[in-house]
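One structure below.
The values are calculated or read from the model by the stated rules, or taken from the named source; none is laboratory data. What you are looking at is a predicted structure, and each value in this text was computed from that prediction instead of being measured. Here the Cβ positions follow ideal geometry from the backbone for every residue, glycine too, while neighbour counts run over all protein chains shown. Quick note on the areas: whole protein, heavy atoms, side chains included, nothing else; ligands and nucleic acids left out. Shrake-Rupley method; radii C 1.70, N 1.55, O 1.52, S 1.80 Å.
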Amino acid sequence: MCGRISLKTPMHVLARLFGVDITFDLAPRYNIAPTQSTLVIRSNGHSRRAVMARWGFIPPWRTHGEKGPEPINARSESAPESRLFGAALRARRCVVPASGFYEWQAVQGGRAKRPFHIEPVGSEVFALAGLWSLWQPHNAEAVESFTILTCAPNEVMKPIHDRMPVILPMQAIEAWLDPTLDDMTTIRTMLSPASPLCMSALSVTNHVNNPKNDDPRCVEPAVPAPEDSGLFQ
């Protein structure tokens, strides 16, 4: 799964890379958690738009006052047939920029899990594949929300977790954001694990475990155990 991300890339770099105007302030974030809002890029077919959206997918058909799941992730393998995600996968795809994402590795013989910050190599930011939704509650402001698609892990992620977010190559973003592209065969080809060469995994301290912590300490490297030397660098 993908349950925390960072976004500390400067605004002007994000605007250039994703071809959008960012008209609101965007402070560096080091520990973005579900239910919080972050930058999302989407398109109407003619132009791209940068918006702030809530992490946790709220289906547009939810009635006012109704409770229900708000998934932070969608499995790419089952999303095309999903009642919750199928329509969004065909017409409401988005990109979630991330300077990195976090994953927790189970530690053999222990209850604690070891956090890792997965960072881009050869790029300044990841383009995570997402789906967006617009929910209009009765007599209240509309809520724009999103979920992040996940897939099987690549060779970097396998030692850490059995899932990872779908990371789009920059050259695939235009097609991914095109709401008129509804050919599921083409869409499925974009939902494969990213090359392990595009990322590195950095063991970080438990400071990131608390979602209230949102500062540079979240991405500071942990002191490696002797047996970990060289494994993820």
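Taking amide H positions as modeled 1.01 Å from N, with prolines and chain starts lacking one, the residues under 5 Å from Asn73 and 5 or more places away or on another chain are Ile148. Of all aspartates and glutamates in the structure, those lying under 18 Å Cα to Cα from Lys67, and not within fewer than 8 positions of it along the same chain, are Glu141, Glu144. Note on the chain: helix-only mean residue ellipticity at 222 nm, from DSSP H runs of 4+ residues weighted -39500 (n - 2.57) and normalised by residue number, equals -2500 deg cm²/dmol.
Taking a ≥ b ≥ c as the square roots of the eigenvalues of the alpha-carbon gyration tensor, segment 110-233 is classed oblate because a/c is 1.5 or more while a/b is no larger than b/c.
Each part reduced to its alpha carbon centroid, segment 159-186 and segment 105-132 end up 18 Å apart.
Is the shape of segment 159-221 best called rounded, prolate or oblate, per the rule: a/c under 1.5 gives rounded, else a/b larger than b/c gives prolate, else oblate, with a ≥ b ≥ c the square roots of the Cα gyration tensor eigenvalues? Prolate.
In the context of the full set of protein chains, the chain has a per residue accessible area of 49 Å² (1.4 Å probe). Of all DSSP-defined beta bridges confined to the chain, some 90% are antiparallel rather than parallel. Histogrammed with a bin width of 10 Å, the alpha carbon distances of segment 20-99 distribute as 15, 44, 34, 7 percent, first bin at zero. Of the GluC sites (Glu not before Pro) in segment 61-139, the ones in a loop by DSSP (not H, G, I, E or B) with at most 16 other beta carbons within 10 Å are Glu66, Glu77, Glu124. Share of carbon and sulfur in the accessible area of the chain stands at 53%, probe radius 1.4 Å.
Quick check on segment 1-144: take the gyration tensor over C-alpha atoms, sort the square-rooted eigenvalues as a ≥ b ≥ c, and tell me if it's rounded (a/c under 1.5), prolate or oblate. In terms of gyration-tensor shape, oblate. The trypsin sites (Lys or Arg not before Pro) of segment 12-104 that DSSP puts in a loop, and whose beta carbon has at most 16 other beta carbons within 10 Å, are Arg62, Lys67, Arg83.
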